[in-house]
1. Within the range 67-94, restricting attention to residues that are in a loop (DSSP other than H, G, I, E, B) and of a type outside the set (Gly, Ala, Ser), which residue is surrounded by the fewest Cβ atoms within 10 Å (Cβ to Cβ)?
2. Taking the range 3-16 as the region of interest, how many residues are out of contact with any Asp or Glu (no Cβ under 6 Å at 6 or more places or on another chain) and surrounded by fewer than 14 Cβ atoms within 10 Å (Cβ to Cβ)?
3. Any residue in the range 104-114 that is under 19 Å from LEU28 (Cα atoms), without any contact (Cβ under 8 Å) to a residue 40 or more places away in the chain and not in a strand (DSSP E or B)?
4. From THR41, THR34, THR12, THR20, which residue is in contact with a Phe, Trp or Tyr (Cβ under 6 Å, 6 or more places away or on another chain) and not aromatic (Phe, Trp, Tyr)?
5. Do you know which residues across the range 126-143 are among the charged types (D, E, K, R) and at pLDDT below 80?
6. For the range 126-142, give me the residue count where each residue is assigned to a helix (DSSP H, G or I) and either surrounded by fewer than 16 Cβ atoms within 10 Å (Cβ to Cβ) or of a type in the set (A, V, I, L, M, F, W, C) (or both).
7. Are any residues in the range 148-166 assigned to a loop (DSSP other than H, G, I, E, B) and surrounded by 15 or more Cβ atoms within 10 Å (Cβ to Cβ), and if so, which ones?
8. Please go through the range 18-51 and pick out each residue that is in contact with a strand residue (DSSP E or B) (Cβ under 6 Å, 6 or more places away or on another chain) and loosely packed, with under 13 Cβ neighbours inside 10 Å.
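The values are calculated or read from the model by the stated rules, or taken from the named source; none is laboratory data. Predicted, not measured: the structure shown is a model, and the values here were computed from it. So basically every Cβ, Gly included, is an ideal-geometry build from the backbone, and we count neighbours across all protein chains shown.
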Amino acid sequence: MKKIVNNPDNITKENVNKITNKVRAIILNNLQITIVDYSNTLMLPGGKLDQDENEKEALTRELKGELGIDISDDKIIPFIEYSNYLYNYPSRDGKIINKLVTTKYFIVKTSNKINTKKNSLTESEKSQTFKVLNENILFINNTVANYNSNNPRWPYFKKELIDILCELNYVFKDVLEEAFHKAIQDSNSWSKIPNTAAYIDNDNVIRLIKNNNSI
């Protein structure tokens, strides 16, 4: 599993007040990626590990609770471990702390349809806005970049989500390039492309273009 460390403020582990371990799922079907809008933040589905749980057990539980789907272990593929050092992080209890969140991301292969009628949200999720969304992976970066939030924790989540999506775009670069060029050749699809959209150039570099009817 590839490892990424985000620590722009050079926080040492001695200066970390809290350590949290999480798991999240990348569910991609027909270029639609599943994301969660929770407490006015965007994130991939998943959450914290319970005591004595391994990563796959935690992810299976979280996907059942948030999306109402059952996943078997053989459909869970390790992708990236992301260690995020959060400096002056505004915790939910109102304290400002230094926090280390290590999240393991897994690609989940499933044809099971999301059924929020069968989910079992936590009390915290029930008390906050919680929505399950499916976004086209070609435009998800644009959605994240333009998402408006008054949640002070969103900038921390946003950086991590963008980093993971960029890694995902690289892994699926051939599929995305084909889908993008098919979209721009279809006038109906082109009209639906947002102000900026991602594509992968011949050097495998992710670029952004403006919607001006030309590349």
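1. Residues of the range 67-94 in a loop (DSSP other than H, G, I, E, B): 68-72, 91-94.
If we keep only those that are of a type outside the set (Gly, Ala, Ser) too, we end up with 69-71, 92-93.
Numbers: ILE69: 22, ASP70: 12, ILE71: 22, ARG92: 8, ASP93: 6.
Filtering the range 67-94 for residues that are in a loop (DSSP other than H, G, I, E, B) and of a type outside the set (Gly, Ala, Ser), the one surrounded by the fewest Cβ atoms within 10 Å (Cβ to Cβ) comes out as ASP93.
2. Step one: of the range 3-16, the residues out of contact with any Asp or Glu (no Cβ under 6 Å at 6 or more places or on another chain) are 4-16.
Of the ones still in play, those that are also surrounded by fewer than 14 Cβ atoms within 10 Å (Cβ to Cβ) are 5, 7-10, 12-15.
Of the residues in that region, 9 qualify.
3. We begin by selecting, within the range 104-114, every residue under 19 Å from LEU28 (Cα atoms); these are 104-114.
Still in the running and without any contact (Cβ under 8 Å) to a residue 40 or more places away in the chain: 109.
Remaining after also requiring not in a strand (DSSP E or B): 109.
Yes, the conditions are met somewhere in the range 104-114.
4. Details: THR34 fails: in contact with a Phe, Trp or Tyr (Cβ under 6 Å, 6 or more places away or on another chain); THR12 fails: in contact with a Phe, Trp or Tyr (Cβ under 6 Å, 6 or more places away or on another chain); THR20 fails: in contact with a Phe, Trp or Tyr (Cβ under 6 Å, 6 or more places away or on another chain).
Step by step, each of THR41, THR34, THR12, THR20 is checked, and only THR41 is in contact with a Phe, Trp or Tyr (Cβ under 6 Å, 6 or more places away or on another chain) and not aromatic (Phe, Trp, Tyr).
5. Within the range 126-143, the first condition is being among the charged types (D, E, K, R), and the residues that meet it are 126, 131, 135.
The one that is among the charged types (D, E, K, R) and at pLDDT below 80: LYS126.
6. Taking the range 126-142 first, the residues assigned to a helix (DSSP H, G or I) are 126-127, 140-142.
Right, trim to either surrounded by fewer than 16 Cβ atoms within 10 Å (Cβ to Cβ) or of a type in the set (A, V, I, L, M, F, W, C) (or both) and you get 126-127, 140.
The number of residues fulfilling the criteria is 3.
7. Initial filter on the range 148-166 (assigned to a loop (DSSP other than H, G, I, E, B)): 148-153.
Correct list: SER149, ARG153.
8. ILE19
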